[in-house]
1. For K62, what charge total do you get from the other residues with a beta carbon under 12 Å from its beta carbon, if Lys and Arg give +1 and Asp and Glu give -1?
2. Output the pairs from K36/K109; K64/K97; K24/K97; K62/K114; K63/K97; K23/K64 with a Cα-Cα distance over 23 Å in this structure; if there are none, say none.
3. Under 14 Å from the Cβ of N50, count the other residues' Cβ atoms, weight Lys and Arg +1, Asp and Glu -1, and hand me the total.
4. In terms of modelled amide H atoms, which long-range or inter-chain residues lie less than 5 Å from the amide H of H92?
Amino acid sequence: MITNDFDSVANQNIDLLETTLDKKVIVQYTSRNARKGITTVRGLHLFDINPEDLKNIGKMLKKKHGCACTVREIKQTKNENLEQYMELQGNHTDNVKNFLLNELNIDPKDIMVKGI
């Protein structure tokens with residue numbers, strides 16, 4: 001199995017959702033190198049967003065902000081479930097937060113922004 005930098009970024013915080021007491025959407029910016037980075041959005045499955053809707057949300061964000069977006073899945077070790085998350089190319093933490101607030105009507109206290 002070939003792994004890349006994106007998988008290692010996602011695996012770094014695999015227990016982050018399990019340690020929070022409330023359900024939260026985590027929007028995190030991680031730099032890949034000196035000039036480039038990715039924005040990861042995790043925890044949307046806790047708000048009953050199914051995988052098909054997650055792909056449509058990714059398409060909307062991709063079109064609106066002119067960036068690459070992909071939906072990936074990661075296997076959680078404790079309960080053997082698959083968690084799907086989105087990765088956007090570049091720093092789009094503010095854009096994603098505004099989208100979650102305005103379009104998906106997620107409460108601001110349920111959104112955790114990490115990184116820049």
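1. Values: positive: K55, K59, K63, K64; negative: E87.
Residues near K62 contribute +3 overall.
2. On the way: K36/K109 29 Å; K64/K97 14 Å; K24/K97 12 Å; K62/K114 21 Å; K63/K97 16 Å; K23/K64 27 Å.
Table pairs above 23 Å Cα-Cα are K36/K109; K23/K64.
3. On the way: positive: K55; negative: D48, E52, D53, E73, E83.
Around N50, the charge tally is -4.
4. T39
Laboratory data are not the source of any read-out in this text; all were calculated from the coordinates shown. Everything numeric in this text was worked out from a predicted model, so none of it was measured. Every residue, glycine as well, gets a Cβ built from its backbone with ideal geometry; the counts of neighbours run over all protein chains shown.
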